[in-house]
Amino acid sequence: MALSPFGSRSPSMTVHSPNTAIRLRATAAQNSSTGTASAAVSKPVQNGDRELTEQLNIDVRERYVKDRKVGEGTYAVVYVGHLRHDPSSLVAIKKIKVNAEYKDGLAMDAVREVKYLQELKHPNVIALHDVFSSKDQNLSLVLEFLPGGDLEMLIKDSDIQYGVADIKAWMGMLARGVWWCHENFVLHRDIKPNNLLIASDGEVKLADFGLARSFADPLFNMTHQVITRWYRPPELLYGARQYSGAVDIWSMGMVFAELLLRVPFVAGNTDLDQTSKICEAFGTPTEENWPGVSKLPYYIATDKAHLVPLQGRDFFMRQFPTAGPVGADLLMSMCALDPRKRSTAVQCLRHNWWTIEPRPTKNEDLPRKSGGTKKMGDDLTRRGGELDEGMFKSAARQLDFGMK
Amino acid sequence: MASNAASRRDEDEVCPVCKSSRYLNPDMRFLINPECYHKMCESCVDRIFSSGPANCPVAGCRKTLRKNRFRKQTFEDIGVEREVDIRRRVMHILNRREEEFDSKRAYDDFLEQREDIIANLVSRIDVAKTEAQLQKYAADNMQSIRANQAIEAEEASSFQARMSLEQEEARLRRQAVRQEYETERREIQAGREDFLTRLASGSSTDAAAIAREGHKVLLKKSSARRSEEERIRQKQAALRLDNKRVSNLSTVEQAGAADTGLVKGLRKIKTPEPEKPYDPFMGYVPEKRDYYSLQSYYPSQYLDPIRNDARMLAGGYDLREYYSRTLLEAFAGLSCFVGEEISQRDAANTSKSTATEGASMAVEGGENTA
Amino acid sequence: MIEDDIYRASSQYRLWSYTEPSLQSLRATTNAVASERVRAALRRSCEAHQSTATSAAGTPLPESNMEVKNKDEKDVECLTPEEELVLVRYYCEKTLELGETYKPPIPTMVRATAIQYLRRFYLTNSPMTYHPKSIMACALFVATKTDNYYISLRQFADGIPGDTTTEDVIAPEFLLMQGLRFTFDVRHPFRGLEGGVLELQAIAQGQGQPAPHLPYETAEDLQQGLLSIAPPPVPSSSMSDRIARAHGTTRELLKSAAQMTDAYFLYTPSQIWFSAFLLADRPLAEFLLDVKLAPETDENGLVNPLYEIRSKLHHVLTECSALLQSYTPLSSDPAQMKSLKRIAKKLYHCQNPEKVNLAAAQKRESTQPSTAVQSDAGIVTSESETERLAKKRKLEQEQKVRQEDDVFGPELVTQRTKQ
């Protein structure tokens, strides 16, 4: 539900106001009756020449002002902008580039992003406020402004320290985002730390729905080439064409491991390498521990000599000591090789790791990008109350006589 | 503190009580008692007070003194000593911190108040009243006083710890630099000798070449060593413990008791409610349904074969997701009465925009010739 | 109810739900605005023509000149909203047929999405401005993209009978998406039907579970209740069989009537499938409703608080079933087909010439970015362009005359009875 939170709803997100239509009709009539005897080129100066949807689109476009470019990729350009009538309310405007080589119209990523973000509204999913088209038929998405960077930055930044309470907070937010998607029967299919953006209040949000799709009806094939390799579950590497939300849970497990270790846990260079690394880390899939696996298209049986047995809880506890035994148990449930044995999103959230000590840190206490925003925030907040310049300016210093 | 030097000056030659002079006891030391701040030598203290409290021997002062309260004087001026003691005592009690106040003004007021009290006590104005004030405040705010004391202690100890850590690091660094210097010198030495031997053994044309080579080798060695050390240093820095996270000392205080009447302008301390347990779902209730109870299996001719399709199931395909979805879609919106709800919403919208649009509409309506 | 709130968060509810009157007024407005636009455009083109004719020496098309002049003499007769609706309906049916021509045929839900896209598009746009023929193929293509049934544009265009090119198909894409206000998700009743059937089958086999607010019912109670309902319209061997039959009939109704009427705008998907189910097998549907919303009075004779909902729902479902029932496919009704031909002819004359050739306009746009191209699909009309357009129309008219059968040019697909 992409309702813009900025007070009144944007016209494009509501049933069109009948007034707009009446306005158009009136001006149209006006134009034709006065008879524009000008040459053939119709310059759309007045409202009357615009069609209803064009007018609505312009209304939406006019609500936002672009400030400056903050990023550019092959697929889109991102600007920071704000609401025209409220310069303090920031938004991110993502303008999708038209790829001349892609002849099939609007790219699938864009289509998916728009489609699913319009339907999903949750504190842990990035909010789509509006969509409009710019003058050159490019699509622009008005998204929530998330200045805190992404989780990958926090993990990689060696100046930032975090502990298990922070990990618990972040994982909780990720789990909720994923759960919400699954509740609405949407698979995200690209969960990884740099798709987890951080808002100014510290809340983690799931972004980049370019690979998402709704759960499949039975007997419908899906592609197995989804999810970034390091976070891809074994069933996809084995080429499964029908799968479930468990693929997202595996990615979540990999993110969890990465938060704990501060390096990606299973990082293969090719798909084959990834599969073998997974086997080394978690154990080799066999018909015993994963019935039916041999029927998957790209399954390769390993000979008995190289079989790694399925790792148990002690392995996880050894590898991830920071998580503690309960945390290791949760991680293990997310990383089960057989997708049927993997936790579902609901089960993850019902695990008792969330409720045992330590408590997940509050958003305001979570580590931020080193320097930058927090520093600025601190400085700005210190200027409390009314500063009474003058008499007592220098009295504030407390004299320290080396007490005790 | 120039205490030791000062106490050795000539004016302190004689103890006011026993009149013995430094000439006779070179190691004579003076003590004072914070009751009356009279000075006397150690031996007097021993002699007079060892068997219990007694009156101060200085003429005119009848204060009862105890032996254990005698201590060395830290300041040259006894007045200062007394003031500092008073100050210390008052600040021990009135130890509110800046962050507890609503505004800077309030904090400044508090500081001024404190100074007033100290001034009174020092100049012996309204002593009784001031003391009473202090005692009352102390009694009322025992908890906050203690909490603040704890914070101060913590700060002091961590400060100490940081100091010693830094000193240690500095020492290590100096050592490292020294070592590096040594090794470099040795290498240069060795290089030079090697160079000389080679010159001696080689021909004259080789001389220049050998010279250049030797120089290059030295440079390479030193740069290699430097980069190696740099790397080590970086690794050490990464492993260093970060003291950024101060423990969360919760200054839990009673909300009401803050305003004792003495100290004004304290920030209203919210008594933190007992924290609600962490809800992983943050308010949402999963799997709650009104129209139906979701089952884990529904018989269906069309779907049952899937339960036996090993390949589909191996990929993780879960029929329960499908059941859940179809059941939800079967009933979602069943009681949404679109006609009603939409007309309500439209009415609300038009009434909102009527004010602004009304005028323009009226104007246009008149011109509408269609 | 929780499930209802979940539906209320969807874009379909928020942006694409209307009341009957609001739907009508919206269409009327669109029609009026478009008519004005068309008249103005025709007037402009005719004026441009006249100036071209007088200035240029050898006018290539004296006849078209005459034609245009004639048209200008009498006021252009535009389509009425009702006629537009008929036209749109025809093209919705055509969409179903188009989907059938592919090997394998495009899934029902994708086709249904395309049909809904068409209907939504023509709420705020008029067939006079954009001919449904060009929009229809595009809508189906976009539906394959948004509904996880991607086929490449080339494959798609090749599958269309006739000589439609890829440019033709893709040209109106942006316009269509804009008209849809970029909400691509359409909620269909098909899965809901599946869900309802699952529940019924479970109850029939004694494995049903009562609704959460009626915990006192047991599986046996439910089964008993089910087996004791009134007999079906068409007799069947067992309850399971009966359910399956009803399932089939309902599905057909959903594929056709639900798509071709305004059901999606006026009712929710679950109401739609329930209404269709009522038409297929009334006692069965009512049984399910009773189980979910409880009958008028419960065991203890107390009035059920949900009863108010139940009666409102009854009313709504009756309306919806009436709507579904009122639909008859255009192709099967000769009277409707005749009226359709007339409408098509009328449309031919009142098409907005400035918006006719979107594909050419786009191509022109991409190759000449420097010329002051107006925003949105090629509204630029220069004098030569108008001439060209007029020429094209003349050619088309000649073509039309050659094929007297159908005004829409070659039939997309030979008439087939739906089964």
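The values are calculated or read from the model by the stated rules, or taken from the named source; none is laboratory data. What you are looking at is a predicted structure, and each value in this text was computed from that prediction instead of being measured. Don't worry about glycine lacking a Cβ; one is built from the backbone with ideal geometry, like all the others, and counts go over all protein chains shown. The accessibility values were calculated without ligands, DNA or RNA, using every heavy atom of the protein model including side chains. Shrake-Rupley method; radii C 1.70, N 1.55, O 1.52, S 1.80 Å.
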Query - Output for the stretch A:264-305, where each listed residue is within 24 Å of residue A:316 (Cα to Cα), among the polar types (S, T, N, Q) and within 14 Å of chain B (Cβ to nearest Cβ) - result: A:286, A:289
Report summary line: A careful count of residues in the stretch A:226-251 that are more than 8 Å from chain B (Cβ to nearest Cβ), in contact with a helix residue (DSSP H, G or I) (Cβ under 8 Å, 6 or more places away or on another chain) and without any contact (Cβ under 8 Å) to a residue 40 or more places away in the chain gives 3
**Report entry** Residue in the stretch A:288-311 that is free of Cβ contacts under 8 Å to residues at least 24 places away in the same chain, open to solvent by less than 40 Å² (accessible area, probe 1.4 Å) and touching an Asp or Glu at 6+ places or on another chain (Cβ under 9 Å) present
**Finding:** yes
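In the stretch C:253-263, which residues are open to solvent by 10 Å² or more (accessible area, probe 1.4 Å) and either in contact with a strand residue (DSSP E or B) (Cβ under 9 Å, 6 or more places away or on another chain) or not in a loop (DSSP other than H, G, I, E, B) (or both)?
Listed by number, the residues that qualify are C:253, C:255.
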Query raised in the report: Just checking, which of B:89, B:114, B:82 is open to solvent by 70 Å² or more (accessible area, probe 1.4 Å) and assigned to a helix (DSSP H, G or I)?
Result: B:89
Query raised in the report: Based on what the data block shows, is residue A:107 in contact with a Leu (Cβ under 9 Å, 6 or more places away or on another chain) and small (Gly, Ala, Ser)?
Result: no
Query raised in the report: Looking only at the stretch B:282-295, which residues are crowded, with 16+ Cβ neighbours inside 10 Å and of a type in the set (Lys, Arg)?
Result: B:289
Report task. Mind counting the residues in the stretch C:178-216 that are without any contact (Cβ under 8 Å) to a residue 24 or more places away in the chain, open to solvent by 10 Å² or more (accessible area, probe 1.4 Å) and outside any helix (DSSP H, G or I)? Result -> 5
Requested in this report: Identify all residues within the stretch B:296-316 that are open to solvent by 10 Å² or more (accessible area, probe 1.4 Å), of a type outside the set (Gly, Ala, Ser) and within 10 Å of chain A (Cβ to nearest Cβ); write none if there are none.
Outcome: B:302, B:305, B:309, B:311, B:313
Requested in this report: Check off (1) modelled with pLDDT of 90 or more; (2) in the same structural domain as residue A:230 (by the TED database); (3) open to solvent by 20 Å² or more (accessible area, probe 1.4 Å) for residue A:171 and give me the number that stays unchecked.
Outcome: (3)
Query - Count of residues meeting criterion [farther than 25 Å from residue A:172 by Cβ, open to solvent by 10 Å² or more (accessible area, probe 1.4 Å) and assigned to a helix (DSSP H, G or I)] in the stretch A:215-269 - result: 2
Query - Odd one out for residue A:182, checked against (1) open to solvent by 20 Å² or more (accessible area, probe 1.4 Å); (2) part of a loop (DSSP other than H, G, I, E, B); (3) farther than 22 Å from residue A:259 by Cα - result: (2)
Report task. Give the stretch A:326-369 a look and list any residue that's of a type in the set (D, E, K, R), within 9 Å of chain B (Cβ to nearest Cβ) and open to solvent by 60 Å² or more (accessible area, probe 1.4 Å), or say none. Result -> A:340, A:350, A:359, A:365
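Taking into account only those residues within the stretch B:317-334 that are open to solvent by 20 Å² or more (accessible area, probe 1.4 Å) and out of contact with any Leu (no Cβ under 7 Å at 6 or more places or on another chain), which is farthest from residue A:183 (Cα to Cα)? Break it down stepwise before answering.
Step one: filter the stretch B:317-334 for residues open to solvent by 20 Å² or more (accessible area, probe 1.4 Å), giving B:318, B:320-321, B:324-325, B:329.
Subset that is out of contact with any Leu (no Cβ under 7 Å at 6 or more places or on another chain): B:318, B:320-321, B:325, B:329.
Numbers: B:318: 14, B:320: 12, B:321: 9, B:325: 9, B:329: 12 Å.
It comes out as B:318.
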Report summary line: Exception for residue C:204 within (1) modelled with pLDDT of 90 or more; (2) within 14 Å of chain B (Cβ to nearest Cβ) falls at (1)
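Consider the stretch A:270-284. How many of its residues are outside any helix (DSSP H, G or I) and closer than 13 Å to residue A:236 by Cβ?
Applying the first criterion (outside any helix (DSSP H, G or I)) to the stretch A:270-284 yields A:270, A:283-284.
Cutting the leftovers down to closer than 13 Å to residue A:236 by Cβ gives us none.
Residues meeting the conditions: 0.
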Query raised in the report: Looking only at the stretch B:317-342, which residues are among the hydroxyl-bearing types (Ser, Thr, Tyr) and within 11 Å of chain A (Cβ to nearest Cβ)?
Result: B:317, B:322, B:323, B:324, B:326
**Report entry** residue B:229 vs. criteria part of a helix (DSSP H, G or I), open to solvent by less than 80 Å² (accessible area, probe 1.4 Å), charged (D, E, K, R) and modelled with pLDDT under 85
**Finding:** yes
Query raised in the report: In this structure, does residue B:153 turn out to be open to solvent by 70 Å² or more (accessible area, probe 1.4 Å), small (Gly, Ala, Ser) and either on the phi > 0 side of the Ramachandran plot or assigned to a helix (DSSP H, G or I) (or both)?
Result: no
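Can you go through C:47, C:63 and tell me which one is at pLDDT below 85, in a helix (DSSP H, G or I), away from chain A (no Cβ under 11 Å) and over 27 Å from the mean Cα position of the chain (by Cα)? Show your work before the answer.
Details: C:47 fails: away from chain A (no Cβ under 11 Å).
Within the list C:47, C:63, the selection yields C:63.
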Query raised in the report: So which residues in the stretch C:134-170 are open to solvent by 40 Å² or more (accessible area, probe 1.4 Å) and in a helix (DSSP H, G or I)?
Result: C:134, C:154, C:155, C:158, C:167, C:168
Query raised in the report: Is one or more of the residues making up the stretch B:125-147 open to solvent by 60 Å² or more (accessible area, probe 1.4 Å) and over 30 Å from residue B:53 (Cβ atoms)?
Result: yes
Query raised in the report: Of all residues in the stretch A:154-190, which are within 10 Å of another protein chain (Cβ to nearest Cβ) and acidic (Asp, Glu)?
Result: A:159, A:183
Requested in this report: Would you point out the residue of the stretch A:122-150, among those that are under 27 Å from residue A:344 (Cβ atoms) and at pLDDT 90 or above, that is farthest from the other protein chains (Cβ to nearest Cβ)?
Outcome: A:126
Query raised in the report: Somewhere in the stretch C:138-155, is a residue under 21 Å from residue C:97 (Cβ atoms) and among the small types (Gly, Ala, Ser)?
Result: yes
